[in-house]
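Undergrad: Below are the structure tokens for one structure; questions will follow.
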Amino acid sequence: MLSNDGVIFISIDDNEVAQLRKICDEIFGESNFVAQIIWKKKNVVQNDAKFMSTDHEYLLCYAKSADNLKFNLLPRTKEQEERYQNPDNDQRGSWTSVALQAKSGSKTYEVTFTNGVSWKPVEGTYPMLSKESLLTAYDEGRLLFGKDELTFHD
């Protein structure tokens, strides 16, 4: 019943979200999974939980065809736009640098670039990019090698 560029959002609590995700993967295909969104459903103090209190539920988002998916993004605010510049006249336009590590993840790795610099995430963090994406960014000249850190030209 979805159009080719359609998406579906399904609200569910913590008890069945894992099972629903498996069912939706079968129906829509794993490649059409868009996001699992958490939304806060309570703003009150409660002490009625058996083990731990939860104040959120989940929205699963799947596309009929992720290849046809296009969200209507909001334009950047003036404040956001001011964070982007183009000091090196990059043909791709304005950019900002971002750290290459993230607070969460599942895999970590170390890489040595052809310029001899080795990099791995700071202990307790994870790479923001997959190893393949990091090497592609290096090949495209999108990594900035500073004195004490490596950042990504986004």
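Undergrad: Taking Lys70 as the residue in question, decide whether it is closer than 30 Å to Met1 by Cβ and either exposed (fewer than 13 other Cβ atoms within 10 Å of the Cβ) or of a type in the set (A, V, I, L, M, F, W, C) (or both). Spell out how you get there, then give the answer.
TA: Values: closer than 30 Å to Met1 by Cβ: yes; either exposed (fewer than 13 other Cβ atoms within 10 Å of the Cβ) or of a type in the set (A, V, I, L, M, F, W, C) (or both): yes.
The answer is yes for Lys70.
Undergrad: Considering only residues that are part of a loop (DSSP other than H, G, I, E, B), in contact with a Ser or Thr (Cβ under 9 Å, 6 or more places away or on another chain), touching a residue at least 12 places away in the same chain (Cβ under 8 Å) and under 20 Å from Leu144 (Cα atoms), which ones fall in region 67-107?
TA: Looking only at region 67-107, we keep the residues that are part of a loop (DSSP other than H, G, I, E, B), and these are 69-77, 82-84, 86-94, 96, 100, 103-107.
If we keep only those that are in contact with a Ser or Thr (Cβ under 9 Å, 6 or more places away or on another chain) too, we end up with 83-84, 86, 100, 103-105, 107.
When the remaining residues are screened for being touching a residue at least 12 places away in the same chain (Cβ under 8 Å), the result is 83-84, 100, 103-105, 107.
Answer for region 67-107, where residues must be part of a loop (DSSP other than H, G, I, E, B), in contact with a Ser or Thr (Cβ under 9 Å, 6 or more places away or on another chain), touching a residue at least 12 places away in the same chain (Cβ under 8 Å) and under 20 Å from Leu144 (Cα atoms): Arg83, Tyr84, Leu100.
Undergrad: Considering only residues that are over 21 Å from the mean Cα position of the chain (by Cα) and of a type in the set (Gly, Ala, Ser), look in region 7-58 and name the one that is least open to solvent (accessible area, probe 1.4 Å).
TA: The first filter runs over region 7-58 and keeps only residues over 21 Å from the mean Cα position of the chain (by Cα), leaving 12-16, 19-20, 23, 26-27, 41-55.
Filter again for of a type in the set (Gly, Ala, Ser), leaving 49, 53.
Details: Ala49: 45, Ser53: 76 Å².
Taking the candidates together, the pick is Ala49.
Undergrad: Looking at (1) surrounded by 13 or more Cβ atoms within 10 Å (Cβ to Cβ); (2) in a loop (DSSP other than H, G, I, E, B), which one does Ala137 not meet, given that it meets all the others?
TA: (2)
Undergrad: Here is a further query. Select from region 114-134 the residues that are in a loop (DSSP other than H, G, I, E, B) and touching a Leu at 6+ places or on another chain (Cβ under 8 Å) and write down the one among them that is surrounded by the fewest Cβ atoms within 10 Å (Cβ to Cβ).
TA: Of region 114-134, the ones in a loop (DSSP other than H, G, I, E, B) are 114-117, 120-125, 128-130.
When the remaining residues are screened for being touching a Leu at 6+ places or on another chain (Cβ under 8 Å), the result is 117, 121, 128-129.
Working: Val117: 12, Pro121: 17, Met128: 17, Leu129: 15.
Looking at the filtered set, the residue picked out is Val117.
Undergrad: Let me ask something additional. Contact list please: Cβ distance under 7 Å, first residue in region 118-141 and on the phi > 0 side of the Ramachandran plot, second residue loosely packed, with under 15 Cβ neighbours inside 10 Å, pairs at least six apart or on different chains.
TA: Within 7 Å, no pair qualifies.
Undergrad: Specify which of the listed residues (Lys103, Lys64) is under 21 Å from the mean Cα position of the chain (by Cα), more than 27 Å from Tyr126 (Cα to Cα) and not hydroxyl-bearing (Ser, Thr, Tyr).
TA: Details: Lys103 fails: more than 27 Å from Tyr126 (Cα to Cα).
Checking each option against the conditions leaves just Lys64.
The values are calculated or read from the model by the stated rules, or taken from the named source; none is laboratory data. Owing to the predicted nature of the structure, the values given are computational and were not obtained by experimental measurement. A quick note on method: Cβ atoms are made from the backbone with ideal geometry, for glycine too, and the neighbour counts reach across all protein chains shown. Surface accessibility is based on the protein's heavy atoms, side chains included, excluding ligands, DNA and RNA. Shrake-Rupley method; radii C 1.70, N 1.55, O 1.52, S 1.80 Å.
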